[in-house]
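Working notes, beginning with the structure itself.
The values are calculated or read from the model by the stated rules, or taken from the named source; none is laboratory data. Just so we're clear, the structure is a prediction, and the values are computed from it rather than from any experiment. Neighbour counts run over all protein chains shown; Cβ positions are idealised from the backbone, glycine included. Only protein heavy atoms, including side chains, enter the accessible area calculation; ligands, DNA and RNA are left aside. Shrake-Rupley method; radii C 1.70, N 1.55, O 1.52, S 1.80 Å.
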Amino acid sequence: MSSDYEYSDEDVDYYDDEDEDMLSAQEDGSDPSDEEMEMDAFGDDFKVPQRAVHKAYEVEHEPLPQSAVEKLMAGDVEHISGIFGVDASTASLLLRYMSWNKERLIEKYMDNASAVSVAAGISPPSRVSPASSAGPERSQGTSSSARSGAFRRPTRQTPAPAPKPVPFVCPICYDDTQMAFSALSCDHTFCTGCWNAYITSKIREEGEYAIRCMAEGCGTIAPDPFVHAALRDDPATWERFNELLVRHFVGSNPNLKYCPYPSCTYTVSCASAASKRALTTIVPTVSCGASTTPQHKFCFGCAIESDHRPVICGVAKMWLKKCRDDSETANWIKSNTKECSKCQSTIEKNGGCNHMTCKKCKHEFCWVCMGPWSEHGTAWYSCNRYDEKAGVEARDAQSKSRASLERYLHYYNRWANHEQSAKLSIELYNKTEKKMEEMQITSDLTWIEVQFMKKAVDEVEKCRMTLKWTYAMAYYLEKCNEKELFEDNQRDLEQAVEDLSELLESPIDAEAISTLRQKVTDKTVYVSKRNEIMLEDTAKGFLEGRWTWNVDVDGFD
């Protein structure tokens, strides 16, 4: 086995005499230099780890379970606790108040610690006691009585009987049988039963992680130990509270994103897609790492909960908005109707005659040139007002609107077709599974050997998602040579996908199963390669700045 450090006789010329002396000295077993000894002392610290080579359309990301995110939170809490000299629960409340921005928190806290503590709900605002404000008046009264007291005889005063202690009643439930009470730093006391019900309701029904005091107008926040003590007998709600804290931490960190799939608690870290500028050159499709089938794949950079490669987030959002809103309904109205030149009512032509009469204002005009019908005479069909400026502008506007609608429908119909085909993948999976069972019965193939059919269905579904979004991208691409090359790759991928789909739909012939297996396997490999070429070339085009748009795209200059 050859080594990277071996060299042949032909390479001897690359070394001069000085190099040969150095090599011979090392071979003779001479002592290593001080620099070499220092390098050896550090050991593996100087070894560069080998990273996996990522493709142009892939982004580096790290799946994180909830426990890993909680460790990140604990690290930030410990860091702030050590700097400010406060306990962990106080540091946690301070970080939540500043949306886990440690630098900003340190700056604000060092400027005015008491104001930040009050704003974060840690301590109540300071109050001026009435005793201190009435101090000077009482001192004057005392001095005058002292002066008058010099001329009076002292009298014996009997002490007033001590009042009986009144049992405390919770101001929420007014249950005088309650014996356990608790309060936050604001000293607003309530019974533990009301606290438990209140905290549970805030977490379960409102999804609240910052639980304020029950007293009206009080902004004090319950610290984590207080919440944990209230939920000691309800571990499920305490777990939900911790999940809400994790979600708040993830939502405050631009490098993190929570998996949008229901009931999934995984988080993804993707620093390369944290900035808005980065989203103009990459499509950050990530997987949360949960052990599910299929994998939870979503876009890190936008709210689209699916893989929308190869089109970037800004263009994908524009396309979905265009498909959702009523802009194309307006285009249809413009393409199939005209406005009365007198009252501007919208009119649709429902007959073959070009002599139109507005039902609203009874104005008569020509549908072709939009001019008054009275000026057409008997030769109305020749439209002698053809060259008038008003008629030309009306026809041009209608032609442009019709062309715009036809162009949109061209891309939308193909986009919707691939989307519908992808939605029918469940039905295709069921048909394919029946064919796989039939292959086992009619041939000597095992269940493992017929898995090529399932792999083919998986590849078809994946490629249809790619094709769907290529039409959204093509709609906004400026017409140029780059777009033609893009559409060539699109055409080759689409043709390959349709060929593979046709093979999957073909009936099973017991005598030709081996031939079908070879054809499906070869076509699956080819389709996968065409899909990779499509994604790779598009991703490189974004990095190289080759794509130009016919509209303003968010993030582009």
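Using the structure shown, decide if Ile221 is touching a Ser or Thr at 6+ places or on another chain (Cβ under 6 Å), buried (at least 18 other Cβ atoms within 10 Å of the Cβ) and more than 30 Å from His54 (Cβ to Cβ).
Spelling it out, it is not the case that Ile221 is touching a Ser or Thr at 6+ places or on another chain (Cβ under 6 Å), buried (at least 18 other Cβ atoms within 10 Å of the Cβ) and more than 30 Å from His54 (Cβ to Cβ).
Looking only at residues that are out of contact with any strand residue (DSSP E or B) (no Cβ under 7 Å at 6 or more places or on another chain) and among the hydrophobic types (A, V, I, L, M, F, W, C) in the stretch 191-200, which one is most open to solvent (accessible area, probe 1.4 Å)?
The first filter runs over the stretch 191-200 and keeps only residues out of contact with any strand residue (DSSP E or B) (no Cβ under 7 Å at 6 or more places or on another chain), leaving 193-194, 196-200.
Filter again for among the hydrophobic types (A, V, I, L, M, F, W, C), leaving 194, 197, 199.
On the way: Cys194: 21, Ala197: 63, Ile199: 0 Å².
Top of the filtered list is Ala197.
So which of Leu477, Leu485, Leu428 ends up being open to solvent by 40 Å² or more (accessible area, probe 1.4 Å) and either modelled with pLDDT of 90 or more or closer than 27 Å to Pro294 by Cβ (or both)? Can you show your working first?
Values: Leu477 fails: open to solvent by 40 Å² or more (accessible area, probe 1.4 Å); Leu428 fails: open to solvent by 40 Å² or more (accessible area, probe 1.4 Å).
Only one candidate passes the filter, namely Leu485.
From the list Trp332, Trp380, pick out the single residue that is modelled with pLDDT under 75, surrounded by 12 or more Cβ atoms within 10 Å (Cβ to Cβ) and touching a His at 6+ places or on another chain (Cβ under 8 Å). Before the answer, list the steps.
Numbers: Trp332 fails: touching a His at 6+ places or on another chain (Cβ under 8 Å).
None of the other options fit; the residue is Trp380.
Quick grid of which residues meet (1) among the β-branched types (Val, Ile, Thr); (2) modelled with pLDDT under 90; (3) farther than 18 Å from His79 by Cα; (4) open to solvent by 40 Å² or more (accessible area, probe 1.4 Å):
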residue	(1), (2), (3), (4)
Asn101	no, no, no, yes
Glu107	no, no, no, yes
Asn112	no, no, yes, yes
Ser117	no, no, no, no
Gly121	no, no, yes, no
Pro125	no, yes, yes, yes
Pro130	no, yes, yes, yes
Ser133	no, yes, yes, yes
Pro136	no, yes, yes, yes
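I'd like the full set of residues that are touching a strand residue (DSSP E or B) at 6+ places or on another chain (Cβ under 8 Å) and within 21 Å of Lys55 (Cα to Cα), limited to the stretch 274-296. Write out each step before concluding.
At the first step, the residues of the stretch 274-296 found to be touching a strand residue (DSSP E or B) at 6+ places or on another chain (Cβ under 8 Å) are 283-290, 295-296.
Selection gives Val283, Pro284, Thr285, Val286, Ser287, Cys288, Gly289, Gln295, His296.
Would you mind stating whether Gly207 is surrounded by fewer than 17 Cβ atoms within 10 Å (Cβ to Cβ), within 25 Å of Glu239 (Cα to Cα), out of contact with any Ser or Thr (no Cβ under 8 Å at 6 or more places or on another chain) and touching a residue at least 24 places away in the same chain (Cβ under 8 Å)?
On the way: surrounded by fewer than 17 Cβ atoms within 10 Å (Cβ to Cβ): yes; within 25 Å of Glu239 (Cα to Cα): yes; out of contact with any Ser or Thr (no Cβ under 8 Å at 6 or more places or on another chain): yes; touching a residue at least 24 places away in the same chain (Cβ under 8 Å): yes.
Judged against the criteria, Gly207 is a match.
Look through Ala273, Ala290 and report the one residue that is touching a residue at least 24 places away in the same chain (Cβ under 8 Å) and over 26 Å from Thr548 (Cβ atoms). Talk me through it step by step, then tell me what you get.
Numbers: Ala273 fails: over 26 Å from Thr548 (Cβ atoms).
After applying the criteria, what remains is Ala290.
Could you grab me the full set of residues in the stretch 431-466 that are under 35 Å from the mean Cα position of the chain (by Cα), among the basic types (Lys, Arg) and open to solvent by 60 Å² or more (accessible area, probe 1.4 Å)? Don't jump to the end; show me each part of the working.
Initially, the stretch 431-466 is screened for residues under 35 Å from the mean Cα position of the chain (by Cα), giving 431-433, 451-466.
Cutting the leftovers down to among the basic types (Lys, Arg) gives us 431, 454-455, 462, 464.
Scanning the stretch 431-466 gives Lys431, Lys454, Lys455, Lys462.
For the stretch 254-278, name all the residues that are surrounded by fewer than 21 Cβ atoms within 10 Å (Cβ to Cβ) and assigned to a helix (DSSP H, G or I).
Matches in the stretch 254-278: Ala271, Ser272, Ala278.
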